[in-house]
Structure formats: C-alpha cells, structure tokens
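Below you'll find the structure, written out as structure tokens, and then a few comments.
The values are calculated or read from the model by the stated rules, or taken from the named source; none is laboratory data. Predicted model only: the values in this text are computed from it and were never measured. Using ideal geometry, Cβ is built from the backbone for each residue, glycine included, and neighbour counts are taken over all protein chains shown. SASA here: full protein model, heavy atoms, side chains in, ligands and nucleic acids out. Shrake-Rupley method; radii C 1.70, N 1.55, O 1.52, S 1.80 Å.
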Amino acid sequence: MPRSTEEITAISQAGGRVHSPVMILLVLVATAGILFYGQFLLNPANRGDLLPYLMVVSAEAVLVLQALFAMWTILSGGGDPRDFNFHATQETLYDEKAITRRGLRDQPSLWPILVGGKQVGIEVFITVYGEDLGKIEATTRAAIEMQGEHRTWILDDGGSDEVRDLAARLGARYVRRLSNNGAKAGNVNHALALAKGDFFVILDADFVPKPLFLHETVPFFIDEKVAFVQTPQTYGNLVSLVSRGAGYMQAVFYRFIQPGRNRFNAAFCVGTNVIYRRAAIDDIGGIDTDSKSEDVWTSLHLHERGWRSIYIPMTLAVGDAPETIEAYSKQQLRWATGGFEILFTHSPFSPKRRLTMDQRLQYMVTATHYLTGIAPLLLLLVPPLEIFFDLRPMNLHISVLQWLLYYCGFYVMQIVLAFFTLGSFRYEVLMLATVSFPIYVKALWNVLAGKDEAWHVTGRKGRPKSPFNFILPQVLFFTFLLLTSAVAIWRDLDNGVLTLATGWNVLNTLILFSFVVVAAREGRRLTRESRAAANGLAAAEVLVTHQPAPIRTIIARPLSADGEGLARISPLRAGSAGQKVAS
C-alpha cells in the first residue's frame, strides 16, 4: 500500500509535460461520454416522473458541468511555467562573491540570494496552533536548513511554552500574539508587521519542506508581476482509509487541475507550501481575514489587482492528510465554506470584478465545486422514491441496458481516468465522495445563514472525540437505506425480477455501511489511545508528587539589540509548583 501521494501529485521535474498521449485520449473519450450522457438526460422523450427526474437532472447537471470544466482545464495544462528568465535567474541565484568572502561554502542555508542582481530578504513562517511538538520540530529543522539565506519564524497561536523553548533550541524566531483574531491569516499578518523581508514562505506545522524549496521557487520573482508561487500539498501519511481517500482526492487536483489553471493565470494559493511577494500582499492590505479559507480569497484579491500567480507541479514539501473523520470533516467544512462564500458574496461574474473571462470561469468552478458533494444526497434519495412510491426518473420504455450504456459512458470513463491517474481504482475516494454530503450541506447553510465557524487546524492535538459525533446524518441515512434495501429485496423476490432501483439502493447502502465500519474501527482505536495516554499521564503525576518544585519557570529575552537569534532562556526557581512568569 503506497504511503505517499508524491508519485501522483507531482512530476519529478517541473519542466516535464504532465500529459501523455494516452492521457489526452482518455480525457477526450471521457468528454464525449459526458456529452452523450447529458444529451440522454435532457432528451424530453426519456423523462419519467417529475420529482425524481428533477432530482437526477439537478445532481447530474452539477457533476457534468464540473467534469466538463475539469476536462477543459486538464487539456489546457501541461506547459512549463519556467521560462528563459527563470533559468537565467536560477543560474545566478546566489551571491558567489559573498559566499566565498564569508566562508559559507559549506553552509548553504546562509548563502545570500540574488534576484535580478539584488540581494533579497526571505522570511519563512511556520504557522502553529497546537500541533504535535515532534511535527513542529521536524518542519522547523527542515525550514532552517533550506538552501538560501532566510529567517525562520514560528508563529505560535497556541501559546505553548514548549514550542517557545523548541524555537530557542533550534535557533528559530518565535512570535506569540496576545489574541487569535483573524485565525491563521491574522497570525501571518501580525508576523508581517515584525518581519521585513521581500518575500515570505508559509508552511503549515506538519509540512516538512525540502532543501531546494527556495531554489525552485524564488527565481520566478524575476517577473515583477508574480505575486506568489504555489507548490503541491503532497501527503506522506497514507496510513488510514480516511487519509488515503483525502490524499488521493487532492492528488488529482494538484497533478492535473492546478497546472491547467496556470494557463489562465488562475492557480490559487492553498495555504501552505507557498511563497509570496511582500509588495503584492501589501497591495491588497494583507492576507484576507474575512474568511476561514484565507488562501483562495487572498489569491482572488491578488488576481483582481492584476498580479500573476505561478503553480509548479513539483513536490517541495511533504505533510499530513487528515487521518480521522473529525479532522477530515473540519477540513472539508472550512474549504467548502470558503468556496460558497465566493459564490454568494463575491461572484466572479460580477461586473465589479477585474478578472479575465478565463479567470471568472475558473473561480466560478472553484466556488461551485463543493456542490458536487451535495449531489450524492439527491442521488441517494432517487431509488427509495421508486421503491416506496413507484416514481422513476426515466421512462419505462428505457431499458436497463440502454440506461447503463449512457450511464457508463459518463461514470465508467471517470473511473478509468481516475485509475490511469492514480495507478489503480481507489475505493476510499468513492466512499468519501459519497458520504461527505452532510459536511457540504452544513457549509452551504452556514454561508446562507451568515453563521461563522470556529477555526480548526487539521493536525491539532487535543482529546480525541468519537467519530460518531460527526457522522450522525450518515448513520441515519445508512439505517434508512438498509431498511429500504430490505423492502426492495422482499418486493423483487415476490415479483421474481431484480430492479435497477434495488441494485442501486443496495450499492449505496454498502458504501455507507463501509463508512460506518471505518468510524467504528477508528472509535475503538481512539479509545485505546486515550486510555493509554491517560494511564501514562497518571503515572507521570504520581512521579511528580514525589519530587520538589522543579526549576521550570522561564523568561525569553532577545539575544541582542539587533534582534539576531531568537531568545536567551533564563531559568528562574519557581516559588511553588505551577508558578508562571510571563514571557
């Protein structure tokens, strides 16, 4: 079982074409299948009962339109974003004279970086909000060691003294705000008030950068209109069904969709593994803080101001996909809310938007993408309408074979295309795509009702919650479909014929059942881990009660007046256990 999406997320070299002749052929055949299926659905002669027909057409219209735009975007990509100016800048990226004069040949992380013959300052921001300390350390170490002179900052919205001590030990700067206003975007904007570099990198706490991150991204900024350079989110923790499903779902986007969006200057930031031009962010008043999806909103504002974006399909950092149902649900809710906010509050087709037609289309696709997650809800309800009320979406004169021919022309080709891109059929992707509709319905309702959601970090530590706290709608739907399947099978046995509605409903029931099984297994695992952690904590507390008050209270002070280095950690003897001194 693969443990990383790197092979399918990005090509080994950014200059290679992402489309093979077979890939282009499959996309064209899949597009033809989409068109034939759409024609079949919209043919008035094939229409059945109004209610199920409207449900099917509504759901399939969203899926068909999104699929067509995806095919168009994929076929538009494949070019190399690196031009002559990029290569010329990369060849002269480091100040060789300064490296020799200062004896830095064996310290690549201190090599001064030149863009257009001018030395530039680069800040690396690692945003932290309660993630595991080991992950923060791995990311910080890798960030500090990246080739090219830069300053590494830990932006700690979690207010952890352990993270502060870690930053001091590793030699990174440390910033802790008095409040968490603006969530991640506010955290970065606060750091920009302190850091003065020409460019800044944003890394989530669980995304470990590779040594050549700056080497492969900074040369793009020779073009003064480039606002940011985005690299893929590659996942290295495909250890559970949820993380595999979430990882593979994103892999196709980064492998094929984002490169296509490059063609239209519409590739957007995804919040991590990105480097910005400071002047561009200043031009729009900072990272957008009005949405929990600050990344895509910031990209939209930059494109409206005429800035250019670059996406390179090259893995330069590896991080973690959500491993639990809770983490996946919160991540998808945040992303979907941001998309729906664009749709209803900042329509790309508004005359007020200073976007090209290509950009308007691409952002509209982004804004409506999560409607594809709501479509399965309508399709799940179609078989029960036939089973209980004898209401069918298509005419009775449409044979099962004829219906399957058109249906397979659309869906089977989608599966074939996914098989080609992912290397095999990924049941995890099908399962998550089918059962995630409550998340997207909630996101849509939140936007329509103006309800704000608290900020959630995918990899944040905390007491694990039962996955069933987050999937009650799925459990209720499974129970309903299970009873419906029993009724349908009993009816078909009595009639002596197996109907399409029964087979369709049983399939949906099995998919939801597999998700409930995943939740049950995850719940048992989290319970075991929680008990083990509680036992370990209890043992530690027993040991502490037999020891004197430790010398643990610390205060962080700057090393020098010019701000170089993070802090000197000065231990002070605690007057009593638990006493704190503000730092």
Handout entry: Per-residue HN-Hα couplings for the range 57-66 [Karplus 6.51, -1.76, 1.60; θ = phi - 60°; Hz; x = Gly/Pro]
Key = 5, 4, 5, 6, 4, 4, 5, 5, 5, 5
Practice task
With an 8 Å cut-off on Cα pairs and a minimum separation of 6 or more residues, tell me the relative contact order of the chain in percent.
Solution key: 18 percent
Problem - Low-density loop cleavage sites - trypsin sites (Lys or Arg not before Pro) in the range 227-309, where at most 12 other Cβ are within 10 Å (DSSP) - result: ARG305
Completion exercise
Expected vector for the range 273-286, Karplus 3J(HN,Hα) from phi with 6.51, -1.76, 1.60 and θ = phi - 60°, integer Hz, x for Gly and Pro, equals 6, 10, 10, 10, 7, 4, 4, 5, 5, 4, 5, 9, x, x
Exercise for the section: Please work out the Cα center distance from the range 51-110 to the range 220-252, rounded to the nearest Å. Expected result: 10 Å
Practice task
Might you tell me the accessible area per residue for the chain, computed with a 1.4 Å probe and given in Å²?
Solution key: 46 Å²
Practice task
List, in order, the whole-Hz ³J(HN,Hα) value for each residue of the range 35-47 obtained from phi through the Karplus relation with A = 6.51, B = -1.76, C = 1.60 and θ = phi - 60°; use x for Gly and Pro.
Solution key: 5, 5, 5, x, 5, 5, 5, 7, 5, x, 5, 9, 5
Problem - CD proxy at 222 nm, helix term only [per DSSP H run n ≥ 4: -39500 (n - 2.57); per residue of the chain; nearest 500] - result: -17000 deg cm²/dmol
Fill in the blank from the handout: Once the dipole of the chain is set up from charges on Cβ (+1 Lys and Arg, -1 Asp and Glu), the residue from the list ILE24, THR231, GLN402 lying farthest towards its positive end is THR231
Practice task
Find which of GLN474, SER243, ASN187 sits farthest along the positive direction of the dipole of the chain, computed with +1 on the beta-carbon of Lys and Arg, -1 on that of Asp and Glu, about the Cα centre.
Solution key: ASN187
Practice task
Show PHE264, PHE340 ordered by accessible area, largest first, where the area counts protein heavy atoms only and the probe is 1.4 Å.
Solution key: PHE264, PHE340
Handout entry: Where GLU224, GLU6, GLU529 fall by accessible area, highest first, once all protein chains stay in place (1.4 Å)
Key = GLU224, GLU529, GLU6
Exercise for the section: Whenever you get a sec, line up LYS330, LYS210, LYS352, LYS196 from highest to lowest accessible area (probe 1.4 Å, protein heavy atoms). Expected result: LYS352, LYS196, LYS210, LYS330
Problem - Lys, Arg +1 and Asp, Glu -1 on Cβ, resulting dipole of the chain about Cα centre, debye, nearest 20 - result: 820 debye
Problem - Tensor-based shape of the range 30-174 (alpha-carbon gyration tensor, a/c under 1.5 rounded, otherwise prolate or oblate) - result: oblate
Exercise for the section: Round to the nearest 10 and give me the degree value, 0 to 90, for the angle of helix 400-422's Cα axis relative to the longest principal axis of the chain. Expected result: 20 degrees
Completion exercise
Which residues qualify? For ARG47, with a placed amide H closer than 5 Å and at least 5 residues away or on another chain, they are ASN395
Practice task
With everything on Cα atoms, drop me the angle between helix 472-495 and the longest principal axis of the chain, reported from 0 to 90° to the nearest 10.
Solution key: 20 degrees
Practice task
Kindly state, as a whole number, the per residue volume in cubic angstrom of the convex hull around the alpha carbon atoms of the range 207-308.
Solution key: 109 Å³
Handout entry: THR324 - accessible surface, heavy atoms, 1.4 Å probe, Å² rounded to 10
Key = 30 Å²
Problem - At 0.692 mPa s and 37 °C, Stokes D of the range 240-376 from Kirkwood alpha-carbon radius, µm² per second - result: 208 µm²/s
Completion exercise
Counting sequence-distant residues (5 or more places) and residues on other chains, those with an amide H built under 5 Å from that of THR234 are ALA317, GLY319
Handout entry: Surface accessible to a 1.4 Å probe, ASP358 within the full protein complex, Å²
Key = 60 Å²
Handout entry: Square roots of 5 times each gyration tensor eigenvalue, C-alpha, the range 88-224, largest first, Å
Key = 28, 16, 12
Handout entry: Hydrodynamic radius (Kirkwood) for the range 367-451, which is based on Cα pairs only, to one decimal in Å
Key = 15.4 Å
Practice task
With a 1.4 Å probe and every protein chain left in place, tell me how much accessible area ARG392 has, in Å² to the nearest 10.
Solution key: 60 Å²
Handout entry: Percent accessible area from carbon and sulfur atoms, the chain, protein chains only, probe 1.4 Å
Key = 61 percent
Exercise for the section: May I ask you to list the trypsin sites (Lys or Arg not before Pro) in the range 73-110 that are in a DSSP loop and have at most 16 other Cβ atoms within 10 Å of their Cβ? Expected result: ARG102, ARG105
Fill in the blank from the handout: Given [x] 302; [y] 174; [z] 284 as possible values of volume of the Cα convex hull per residue in Å³, the one from the coordinates is [y]
Fill in the blank from the handout: Amide H proximity to VAL115 below 5 Å, modelled H, separation 5+ or other chain, gives VAL120
